[in-house]
Structure formats: structure tokens, C-alpha cells
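This report concerns only the one structure given below.
The values are calculated or read from the model by the stated rules, or taken from the named source; none is laboratory data. What you see is a predicted model; the values in this text were computed from it and never measured. Positions of Cβ are backbone-derived with ideal geometry, glycine not excepted, and every protein chain shown enters the neighbour counts. Remember, those area values only see protein heavy atoms, side chains included, never the ligands or the DNA or RNA. Shrake-Rupley method; radii C 1.70, N 1.55, O 1.52, S 1.80 Å.
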Amino acid sequence: MKSQIVFVNQSSGYLMIDIVNAFDGIYDERTIISGIVVERNTALQKEVKQERIIPYDRSTKFRRIFTWVWGFIQIVWLIRWKYPKAHLFLVTNPPFSTLLPFFCRNSFSFLIFDVYPDALIEYKVLKEESFIVRKWRKYHEIVFKRATRVITISSGMRQNLLQYYPGVPIDTVNVWADGLFFKQIPKDKNPFITDQSLADKFVIMYSGNLGRTHDVDILVDIAEKLQDTDAFVLIIGGGEKRDMIDKKIEKLKLKNCRLLSLLPVQMLPYSMSAADLGVVSLGREASLLSVPSKTFSLLSAGRPLLCIADPSSELACLVKEHLVGESFSPSQLDQMVSFIRKLMQDNVLKDQLSKNALDASKKYTPNNASEIAAWYSA
């Protein structure tokens, strides 16, 4: 076995846990540097050492940048003084993690979950022509060529990287969900359905970040147009748009739309399975920069999808490839409502989309983490 590997991811969840666990038997010692490690039904193996840094805080722009910067400083210190000879498995959280090789002499690999600085440009944090962006990309060109591996999570993200770094070999692995955690649960056996009084409702659900780039507020408009039906819109999450969505629901006096705070992790399988139709939103800015992980959780739960995304996005292509629902641009409100009405009236179509979702989920399993680890076992 090889001696030591250090995984760096400021905000670690089930994906990171699966990856770290998959490296068992390849390295003598495994360490993860993270601000938080959120476990579901699969725990981080006891042999894995944990080093804690400041958790990522997305509550405000200032807190987001501050926790990124301070976390990066803590990571540099830990690696230079405690792990100077370890191989580094670097994930793009914090975004500056790809610059770590300039501060240490370790061998290293990258797993690109989010494409930076592009994401910061698209979200209007940085400008394309800025000095920081030019230097950042120049540094990336250097470090990517020095990396043991560069891995990303979709073909679209790979193409986006290759336009800047055409000479860099980039591997692709599909993101996944845990089918043992997210699964179909009958409504009459689902405590979340009972607690929220949803037994006789057609539940349209969004669960996740309510950030400014997410067009989730359109769900309130959908609820208004479906007041003559048994449709019930459930929005779960927190973020910059939460107060605006709350006020909009109150202003329209909607009885078929509810806003809930983020749920405990152990409730997620029940809330996801409660949806008759799962909603995934991806801003135009992120069309080739990410694929929301909730997409794969909903597939594992066998939920048909309504996606609010640019037609050219990875998300829209995935929906079309697997025939698991429909994708619409934010301006297509009436088309979304028509699709929902059709799904409510056509149980054969709803069941077929559900079956397609379960079939598609078999491509996005924790076995993909083992595929990553296998690249390092030689």
C-alpha cells in the first residue's frame, strides 16, 4: 500500500464519505480536512483521521468569502506542518483549493465539483476581464498539468475545462446518490406525509438552497394557478430568497403552498419520497458548471422531475436522456402548469416516469466512488 493521502473538502457529505471509504486498502493512512462531515446511513470509517477547519457559511456574501479564505489558510497550515509528504486529493471547496500546490510540495489530484473562477464570474462576484481571473486561469493551467489526476463530474464540465486547458487529461465520473438511503416509501407509511397532512395531495416539492440564482419563487406562481386542483407546492430550504418567497405566499393567501426550513438529515428520505413531482432548479449561469446533487437523490427515490433550467444545461440533457420528466426555462410558467396538470391526470405517464427514474438511478450509485479509487490502486 501507499503511505498517506489527505482529502480536502471544506463541506463534506455522503459523496466525500463514499470516496474516502473507497480508498481503504490503497493507502496506509487516510485523513480528511473539512469544516463539517455530514453522515447519513454510511459513516466515515473509524480508521480515517479527521482535521477540522472553519465550516463553510453561505448565509451572506461576506460570511461565504470569509470562511473560504480562513479555511484556505487553515488548510495550508495543516498540510505544510502536519502532512508535508501526503498525496493531496483536493475538492473545489474552498474554491482556492486548486491553488494549494503553490503553497506546498505535495503530489496532488483534483476533483472538480464546481468550475472556478467561472462560477464566480457567472454569479457576478468577479469580472471576466479582471486581473484575478486572468491570473487564476494561468495558475490553473500550470497546476492542472502537474496534477496526478484531474477529475470532474459531468461531460459538460469537462468540456468547459478543456476550452481553457486543452492539453490537460481530464477524467469524468458521474455523481451519485445512495439508493439505500433514498428510496420509494409508500405514502401511507411515510411519517412526513402524515406530519404535513399531505395524504390526499399531489405534492410538488423543492428541497434545497433558496439562493438568488435559483428560480424557486416561480413555484409560488405555479401554486396560484393550481388552486383548483389537489396540487400542493412544498418548498423546503433556506437562503437569500426565503423571505421573499414567504412574503409572496402570504400576499397571495395561498393554502396550497407551504415553506419549511431545512429538515434534519434523517428526514430527507421521507421528504424526498413524499414528492409526486420533484423540482430541481439551476440558474442559467450554472448551466455547464454544475449538476445539483438533489437530482440524483430524487432519481433514487423514483420521483419524476420538473427541472427549471436552460435548455442547453447538463440538467436538461440528463432529463431528456433518461426520460424522467420535463425541463423548462423560467419564462415557461404556463407550460410547467400544463405538464403538472397532465401528470396529475395520467397515472400511466406518472408511473412510467417513476420507473425511468429508478432505472436511471442505477447509473448513479456509490460504485462510482470505487471507480475513482481504482485509478489510484495501480
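Pairs only if they're at least six apart or on different chains, beta carbon under 7 angstrom, first in region 136-153 and assigned to a helix (DSSP H, G or I), second surrounded by fewer than 14 Cβ atoms within 10 Å (Cβ to Cβ) and hydrophobic (A, V, I, L, M, F, W, C); list them, first residue then second. As it stands, the answer is 139/102, since those pairs meet every condition given.
If you go through region 310-325 and keep only what is part of a helix (DSSP H, G or I), out of contact with any Cys (no Cβ under 6 Å at 6 or more places or on another chain) and open to solvent by less than 40 Å² (accessible area, probe 1.4 Å), you end up with 314, 316, 318, 322.
Search region 46-73 for residues being open to solvent by less than 60 Å² (accessible area, probe 1.4 Å), of a type outside the set (Ser, Thr, Tyr) and more than 12 Å from residue 7 (Cβ to Cβ), and hand back the single one that is nearest to the chain's Cα centre (by Cα).
In the first step, residues of region 46-73 are kept if they are open to solvent by less than 60 Å² (accessible area, probe 1.4 Å); the result is 48, 51, 53-54, 56-57, 67-68, 71-72.
After this cut, where a residue has to be of a type outside the set (Ser, Thr, Tyr) as well, the list is 48, 51, 53-54, 57, 68, 71-72.
Within this subset, residues satisfying the condition of being more than 12 Å from residue 7 (Cβ to Cβ) are 53-54, 57, 68, 71-72.
On the way: 53: 21, 54: 20, 57: 16, 68: 18, 71: 20, 72: 21 Å.
Ranking the qualifying residues of region 46-73, first place goes to 57.
Let's see how each residue does on (1) assigned to a helix (DSSP H, G or I); (2) more than 17 Å from residue 207 (Cβ to Cβ):
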residue	(1), (2)
251	yes, yes
267	yes, no
296	yes, no
307	no, no
327	no, yes
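Being among the polar types (S, T, N, Q) and in contact (Cβ under 8 Å) with a residue 60 or more places away in the chain is a property that residue 361 has. Among the residues of region 335-373, the ones that are within 26 Å of residue 293 (Cβ to Cβ) and not in a helix (DSSP H, G or I) come to 5 in all. Taking the criterion of being among the charged types (D, E, K, R) and either in a loop (DSSP other than H, G, I, E, B) or open to solvent by 70 Å² or more (accessible area, probe 1.4 Å) (or both), the residues of region 154-202 that qualify are 158, 178, 183, 188, 189, 195, 200, 201.
Among residues of region 86-95 being open to solvent by less than 10 Å² (accessible area, probe 1.4 Å) and within 22 Å of residue 13 (Cβ to Cβ), the one that is farthest from the chain's Cα centre (by Cα) is 88.
Okay, residues lined up against (1) surrounded by fewer than 15 Cβ atoms within 10 Å (Cβ to Cβ); (2) on the phi < 0 side of the Ramachandran plot; (3) of a type in the set (A, V, I, L, M):
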{"position": "20", "(1), (2), (3)": "no, yes, yes"}
{"position": "26", "(1), (2), (3)": "no, yes, yes"}
{"position": "84", "(1), (2), (3)": "yes, yes, no"}
{"position": "97", "(1), (2), (3)": "no, yes, no"}
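Residue 101: touching a residue at least 12 places away in the same chain (Cβ under 8 Å), within 25 Å of residue 54 (Cβ to Cβ) and part of a loop (DSSP other than H, G, I, E, B), yes or no? Let's see the steps before the verdict.
Values: touching a residue at least 12 places away in the same chain (Cβ under 8 Å): yes; within 25 Å of residue 54 (Cβ to Cβ): yes; part of a loop (DSSP other than H, G, I, E, B): no.
In short, no.
Taken as a whole, the condition of being in contact with an Asp or Glu (Cβ under 8 Å, 6 or more places away or on another chain), under 25 Å from residue 185 (Cα atoms) and either open to solvent by 20 Å² or more (accessible area, probe 1.4 Å) or in a helix (DSSP H, G or I) (or both) applies to residue 259. Residues in region 28-45 that are under 22 Å from the mean Cα position of the chain (by Cα) and either aromatic (Phe, Trp, Tyr) or surrounded by fewer than 16 Cβ atoms within 10 Å (Cβ to Cβ) (or both): 36, 38, 39, 41, 42, 43.
Within region 83-110, restricting attention to residues that are aliphatic (A, V, I, L, M) and farther than 16 Å from residue 3 by Cα, which residue is modelled with the lowest pLDDT? Break it down into steps so the answer makes sense when it comes.
As a first pass, look at region 83-110 and keep what is aliphatic (A, V, I, L, M): 86, 88, 90-91, 99-100.
Still in the list and also farther than 16 Å from residue 3 by Cα: 90-91, 99-100.
Details: 90: 96, 91: 95, 99: 89, 100: 93.
Taking the candidates together, the pick is 99.
Among the residues of region 223-244, just one is crowded, with 21+ Cβ neighbours inside 10 Å and part of a helix (DSSP H, G or I), namely 223.
Just give me the residues in region 116-153 being in contact with a helix residue (DSSP H, G or I) (Cβ under 8 Å, 6 or more places away or on another chain), closer than 15 Å to residue 166 by Cα and either open to solvent by 60 Å² or more (accessible area, probe 1.4 Å) or at pLDDT below 80 (or both), in sequence order. Of everything in region 116-153, those that are in contact with a helix residue (DSSP H, G or I) (Cβ under 8 Å, 6 or more places away or on another chain), closer than 15 Å to residue 166 by Cα and either open to solvent by 60 Å² or more (accessible area, probe 1.4 Å) or at pLDDT below 80 (or both) turn out to be 139, 146.
Please enumerate the residues belonging to region 122-135 that are part of a loop (DSSP other than H, G, I, E, B) and among the aromatic types (Phe, Trp, Tyr). Reasoning before the result, please.
Keep residues of region 122-135 that are part of a loop (DSSP other than H, G, I, E, B), which gives 123-130.
123 - this is the single residue of region 122-135 that is part of a loop (DSSP other than H, G, I, E, B) and among the aromatic types (Phe, Trp, Tyr).
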